[in-house]
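Participant: Before we start, here is the structure in question, set down as structure tokens.
The values are calculated or read from the model by the stated rules, or taken from the named source; none is laboratory data. Predicted model only: the values in this text are computed from it and were never measured. Cβ atoms come from the backbone with ideal geometry, glycine included; neighbour counts cover every protein chain shown.
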Amino acid sequence: AKKTTRNSIAIPMASILGDLPSFDPHNFSQHRPSDPSNPSKMVPTTYHPTHNRTLPPPDQVITTEVKNILIRSFYQRAEEKLRPKRPASEHLVGEHGKKHFRAASSSSYTQGL
Amino acid sequence: MFSSGNVTARVFERQIRTAPRGATVNRARNFYENLVPSFTLYDVECPDHCFRKFTEDGLFLISFSRNHQELIVYRPSWLTYTSDSDDTVPPLPRRASRFDSFFTQLYSVNLASANELICKDFFLYFHTHRFGLFAASTAQIHDSAPSPGAVPGVPSIDKITFILLRLDDGVILDERVFLHDFVNLAYNMGVFLYDDLLAILSLRYQKIHLLQIRDSGHLVDARAIGYFCREDDELFLNSNSQAMMTQDKNKQQSLSGNREDDAENNGLHHSQPNPENSFLSGIKQRLLSFIFREIWNEESDNTLRVQSLKKKFYFHFQDYVDLIIWKVQFLDRHHLLIKFGSVDGGVGRNADHLSAFFAVYNMETTDIVAFYQNSAEDLYQLFEQFSDHFTVSSSSPFMNFVTSHSNSVHALEQLKYMKNKANSFSQFVKKMLVSLPFSCQSQSPSPYFDQSLFRFDEKLISAADRHRQSSDNPIKFISRRQPQTLKFKIKPGPECGSADGRSKKICSFLFHPHLPLAISIQQTLFMPPSVVNIHFRR
């Protein structure tokens with residue numbers, strides 16, 4: 001990111017706080033209340049991106065997911081099961097990097113019937 | 001969340017510092033550590049009613065007359081009195097020990113006619129409009145005559161009436177009657193309320209009736225899931241069956257000579273094919289096709305697929321077909337969690353050892369989304385992580401803070417302790433999943449049951465509204481914060497202990513949702529007069 005800044009010197013700023021009491025009289029000694037005829041020339045430091053990799057798509061609309069997390073989990077697991085099993089070599093890393101309980105659940109139907 | 005335990009210091013701190021994000025209610029609840037129902041009035045003078053429950057907003061106390069025919073509603077108030085004594089804690093007046101010092105009767109309404117009884121364990125509260133749903137029924141008949149569409153083995157009740165009542169003034173708004181049917185009414189097991197949607201499970205006819213509670217107080221039928229899944233299924237099947245009936249008549253005339261052979265080969269079929277019986281019910285079809293597709297997709301090789309199907313599906317086909325719906329709950333407005341099991345366990349409570357299955361059903365697309373057996377580790381993982389989403393109470397603000405093992409470290413620790421102690425993990429999973437689907441509004445939202453504030457013996461008292469064995473020792477509520485001191489005690493028994501130590505006593509506790517007020521009711525099993533104690537903060 002590029003940084004644009006002015007040289008930093010003691011710059012008078014508009015005193016929104018007014019004349020508030022302070023614990024130590026030397027605090028705020030460099031703080032001068034602004035003169036409305038001479039507006040502050042300070043520009044706050046701004047940062048601009050040097051690439052556009054992180055730009056959102058122009059038609060992006062962000063909405064809340066209607067399904068709660070539990071129902072989303074049910075759908076997610078169902079989708080995983082419906083996808084046919086691939087041979088082991090393609091499965092070096094799990095899809096989401098987490099363990100699958102597939103082995104346990106596929107045999108669970110035959111238990112106890 | 002407060003730096004001090006002292007109530008005054010906490011009030012000052014509250015003035016200058018806001019709570020952490022999203023924790024305003026949790027911080028407000030911390031005040032319940034300081035305001036506890038530590039004073040007990042034993043054996044108050046009170047009318048002989050069956051006190052059922054406080055509504056979750058604390059506005060009403062619901063009770064039924066002893067003969068189970070009338071509803072009496074009270075408004076919880078507070079004891080007020082004047083005293084000219086100089087003590088810092090003035091003595092209570094004599095009339096403090098009366099029920100009506102704490103509760104004002106609002107009205108008494110007759111809900112059940114001559115041969116009906118109100119089910120005293122059934123009550124649902126619709127908090128937006130302050131409506132209450134009650135149920136009155138005639139006696140249960142165990143060996144009822146089989147009728148078309150009914151599941152054999154499920155008892156029948158001649159008439160079940162659901163009554164919607166406006167609690168503000170006791171006006172009956174609407175009724176819904178089920179004839180010769182069976183709905184599990186005890187502890188709201190067969191009915192689930194989500195927002196304004198009501199799901200009533202007819203065990204006998206295997207139908208899930210969906211009703212909507214309108215603002216005007218009318219109960220409107222939305223859908224009936226069971227035999228038909230979509231609203232227009234019935235129309236479609238009827239129009240088809242007309243055509244089939246004429247075809248069959250022609251066929252039978254030509255095959256009449258071979259009917260005996262047919263009967264020998266297909267002993268199971270009726271001699272006259274009935275269009276109604278030739279189809280499995282809609283929801284059963286959805287279930288079977290889902291199981292089929294899941295097993296099909298497990299293997300990519302066709303021969304393995306067929307083998308797998310033979311072993312896992314066709315071998316158990318009749319068992320799957322014979323499954324009946326045991327219990328239903330809403331997961332959100334479009335999804336239901338349905339528990340299936342065999343006919344034996346539908347009505348009785350001791351069905352824990354039987355096999356059961358869970359299915360997630362999408363009402364809009366009429367698809368089954370997921371299917372698990374009751375020993376499935378997958379489902380247990382979801383239960384452990386997202387238990388709050390199972391006990392969903394939609395928009396009700398009071399019920400969002402009930403302690404569960406998904407929102408409390410202490411409850412989760414206890415669950416994990418039980419998990420490690422269990423001999424067999426699949427037995428543990430089965431035991432835990434017995435509580436699914438959850439019954440609606442079965443837990444008290446009182447902050448005194450919040451496990452992050454208090455520690456108490458769950459066998460003696462808990463947020464679930466069930467009767468318990470009464471013990472002579474008081475039930476202690478110990479603070480979770482340092483120092484872990486005893487905050488208050490609830491003793492349900494008479495002040496000096498019971499004279500007759502032998503008779504079994506059961507007790508139930510009704511905690512007001514937000515006031516430091518609780519009622520404990522102790523009764524011996526066979527003698528009606530019960531002892532009612534009031535616990536409050538003096």
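Participant: For residue B:239, only one of the following conditions fails: (1) outside any loop (DSSP other than H, G, I, E, B); (2) at positive phi. What is its number?
Facilitator: Unmet condition: (2).
Each row is one residue, and each column tells you yes or no for (1) farther than 27 Å from residue B:295 by Cα; (2) within 14 Å of another protein chain (Cβ to nearest Cβ); (3) touching a residue at least 24 places away in the same chain (Cβ under 8 Å); (4) of a type in the set (Lys, Arg).
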{"site": "A:41", "(1), (2), (3), (4)": "yes, no, yes, yes"}
{"site": "A:44", "(1), (2), (3), (4)": "yes, no, no, no"}
{"site": "A:57", "(1), (2), (3), (4)": "yes, no, no, no"}
{"site": "A:65", "(1), (2), (3), (4)": "yes, yes, no, no"}
{"site": "A:76", "(1), (2), (3), (4)": "no, yes, no, no"}
{"site": "A:79", "(1), (2), (3), (4)": "no, yes, no, no"}
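Participant: Any idea which of B:405, B:410, B:389 is under 22 Å from residue B:26 (Cα atoms) and outside any helix (DSSP H, G or I)? Steps first, please.
Facilitator: Numbers: B:410 fails: outside any helix (DSSP H, G or I); B:389 fails: outside any helix (DSSP H, G or I).
Exactly one residue qualifies, and that residue is B:405.
Participant: Follow-up question, since we're still on this one. Hey, can you tell me all the residues within segment B:197-225 that are in a loop (DSSP other than H, G, I, E, B), surrounded by fewer than 19 Cβ atoms within 10 Å (Cβ to Cβ) and touching a strand residue (DSSP E or B) at 6+ places or on another chain (Cβ under 9 Å)?
Facilitator: Residues satisfying the conditions are B:214, B:216, B:217, B:218.
Participant: Would you check which residues across segment B:83-114 are in a strand (DSSP E or B) and within 29 Å of the chain's Cα centre (by Cα) and list them?
Facilitator: Result: B:103, B:104, B:105, B:106, B:107, B:108, B:109, B:110.
Participant: Let me ask something else about it. Test residue B:482 against the criterion of being within 30 Å of residue B:375 (Cβ to Cβ), part of a loop (DSSP other than H, G, I, E, B) and not acidic (Asp, Glu), and give yes or no.
Facilitator: So residue B:482 does not fit the description; no.
Participant: Here is a further query. Can you name the residue in segment A:18-38 that is part of a loop (DSSP other than H, G, I, E, B) and surrounded by 10 or more Cβ atoms within 10 Å (Cβ to Cβ) and, of all such residues, is modelled with the highest pLDDT?
Facilitator: A:22
Participant: Whether any residue in segment B:24-33 is more than 23 Å from residue B:517 (Cα to Cα) and surrounded by 12 or more Cβ atoms within 10 Å (Cβ to Cβ) is what I want to check.
Facilitator: no
To keep it simple, each residue is scored yes or no on (1) within 11 Å of chain A (Cβ to nearest Cβ); (2) in a strand (DSSP E or B); (3) touching a strand residue (DSSP E or B) at 6+ places or on another chain (Cβ under 7 Å); (4) exposed (fewer than 13 other Cβ atoms within 10 Å of the Cβ).
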residue	(1), (2), (3), (4)
B:303	no, no, no, yes
B:308	yes, no, no, no
B:313	yes, no, no, no
B:326	no, yes, yes, no
B:329	no, yes, yes, no
B:337	yes, yes, yes, no
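Participant: Just to be sure before I move on: is residue A:105 exposed (fewer than 12 other Cβ atoms within 10 Å of the Cβ), at pLDDT below 75 and not in a loop (DSSP other than H, G, I, E, B) in the structure I sent?
Facilitator: In short, no.
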